[in-house]
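Have a look at the structure below before the remarks.
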Amino acid sequence: MKSFRWRTSVLAFAVCVMVFVPTAAQSQEREEDTVIAASLTAMLRASRTVVSRHQALINDPAIGDKGLTGKKVLAEALVVYQETTRTDPKSIASGSRHGRLFRAQQEAIVEVIDANQASINQAGVGFKGFIPSTFARLLNEAFAKRTGSEAIVKVTAPEALIRNRKSRPDDWEAAIIRDKLLRPDWPKGQMVTELSASQGRSAFRFAAPEYYAPSCLSCHGAPKGQIDITGYPKEGASEGDLGGVISVTLFRR
Ligand code: HEC
């Protein structure tokens, strides 16, 4: 009787461990997912930074061919990526999942910049609507075309701030924004990772907050409702407000 009870409790303990403690392989996969999501986020930000640095050139009506090719933007973005992550992009093994997704994102950067050459190089027109926010959405769409069944990168925002309906938060993103990122005591810049579902599939999900900088406020700042240069009403936001969220989904096989 005694040994029976002992065996039962060992069994119960084993079941608990199996249910509640992730196996080493599971924790390793989650760690790898976090590295990949952070890396795709860093590269999205890096390429957006490059577009931003060239905004005055892009908007210059006096210059036709600006030489701002996909290849050039990618090369500059890789430098920014290395500076911000302190990771040499060449150290990411090309055959790995990280390497494949990183490569697909780089191809998407080149594709979007090259596809917009006619607009970027249009002489006689100042503001052409080619701005970092739009570039980021186009990049994420081009990336999804390559990897949609495996990975999605998206820039979304609190529902009340959404300009482009395509960027609306899904249920998971809306809950994370409401319950975590918008909380006054949420540590600035802290990301969220969770195993959850997306489109009915099990997925690793990652959300990194983005805050308005002074440079954002010519479009997203005050006075609320005034039409900005892009034709949208301004949100009336202030520097430091949560302006957006980079959301990365990595589907589990
Ligand atoms: C020149 C005006 C302009 C500036 C400056 C600007 N944005 Fe935007 N932003 C837009 C427009 C237009 C869109 C919609 C882009 C699209 O989907 O094509 C947008 C979209 C976004 C989105 C995606 C969600 C949505 O509303 O569709 C986020 C997040 C965002 N902006 C944050 C920022 C942040 C943060 C900055 C500063 C670093 C910034 N923006 C600077 C005009 C601007």
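Please indicate, with yes or no, whether at least one residue in segment 181-204 is in contact with a helix residue (DSSP H, G or I) (Cβ under 9 Å, 6 or more places away or on another chain), closer than 21 Å to Ser133 by Cα and aromatic (Phe, Trp, Tyr).
Taking every residue of segment 181-204 in turn, none turns out to be in contact with a helix residue (DSSP H, G or I) (Cβ under 9 Å, 6 or more places away or on another chain), closer than 21 Å to Ser133 by Cα and aromatic (Phe, Trp, Tyr).
Since Ser149 meets every condition but one in (1) at pLDDT below 95; (2) within 17 Å of Ser47 (Cα to Cα); (3) of a type in the set (S, T, N, Q), which condition does it not meet?
(2)
Tell me whether segment 229-247 contains one or more residues that are more than 7 Å from the ligand (Cβ to nearest atom), crowded, with 19+ Cβ neighbours inside 10 Å and hydroxyl-bearing (Ser, Thr, Tyr).
Checking segment 229-247: at least one residue is more than 7 Å from the ligand (Cβ to nearest atom), crowded, with 19+ Cβ neighbours inside 10 Å and hydroxyl-bearing (Ser, Thr, Tyr).
Arg252 - would you say it is surrounded by fewer than 17 Cβ atoms within 10 Å (Cβ to Cβ), of a type in the set (D, E, K, R) and in contact (Cβ under 8 Å) with a residue 40 or more places away in the chain?
yes
Find all pairs meeting these conditions: Cβ atoms under 9 angstrom apart; at least six residues apart or on different chains; first residue within segment 42-62 and assigned by TED's automatic domain parsing to the domain that holds Phe135 and more than 19 Å from Gln122 (Cα to Cα); second residue away from the ligand (no atom under 11 Å from the Cβ) and acidic (Asp, Glu).
What qualifies is Ala46/Glu76; Ala46/Glu83; Ser47/Glu76; Thr49/Glu76; Val50/Glu76.
Evaluate segment 214-224: report whether one residue or more is under 18 Å from the mean Cα position of the chain (by Cα) and not assigned by TED's automatic domain parsing to the domain that holds Ala38.
Yes, the conditions are met somewhere in segment 214-224.
Which residue is farthest from Val192 (Cα to Cα), if the candidates are limited to segment 209-228 and must be more than 6 Å from the ligand (Cβ to nearest atom) and touching a residue at least 12 places away in the same chain (Cβ under 8 Å)?
It comes out as Pro223.
Just to verify a result, which residue in segment 127-155, among those that are exposed (fewer than 15 other Cβ atoms within 10 Å of the Cβ) and more than 13 Å from the ligand (Cβ to nearest atom), is nearest to Ile246 (Cα to Cα)?
Looking at the filtered set, the residue picked out is Gly148.
Can you tell me which residue among Ser167, Ser119 is within 15 Å of the chain's Cα centre (by Cα) and modelled with pLDDT of 95 or more?
Result of the check over Ser167, Ser119: Ser167.
Could you check segment 83-98 and list, in sequence order, the residues that are outside any loop (DSSP other than H, G, I, E, B) and either hydrophobic (A, V, I, L, M, F, W, C) or more than 17 Å from the chain's Cα centre (by Cα) (or both)?
Glu83, Pro89, Lys90, Ser91, Arg97
Of these, Asn121, Asn116, which one is surrounded by 15 or more Cβ atoms within 10 Å (Cβ to Cβ), of a type outside the set (Phe, Trp, Tyr), away from the ligand (no atom under 16 Å from the Cβ) and farther than 30 Å from Glu31 by Cα?
Asn121
I'm told Gly189 meets every condition in (1) under 20 Å from Ala37 (Cα atoms); (2) surrounded by 12 or more Cβ atoms within 10 Å (Cβ to Cβ); (3) among the small types (Gly, Ala, Ser) except one. Can you identify the failing condition by its number?
(2) is the only condition that Gly189 fails.
List the number of the failed condition for Phe204; all other conditions in (1) assigned to a helix (DSSP H, G or I); (2) in contact (Cβ under 8 Å) with a residue 40 or more places away in the chain hold.
(1)
Filter segment 156-175 for residues that are in a loop (DSSP other than H, G, I, E, B) and either under 19 Å from Ala237 (Cβ atoms) or within 9 Å of the ligand (Cβ to nearest atom) (or both) and give the result.
Residues satisfying the conditions are Ala157, Pro158, Ile162, Arg163, Asn164, Arg168, Pro169.
The values are calculated or read from the model by the stated rules, or taken from the named source; none is laboratory data. These figures come from a predicted structure and were not determined experimentally. Reconstructed Cβ throughout: ideal geometry from the backbone, glycine too, with neighbour counts over all protein chains shown.
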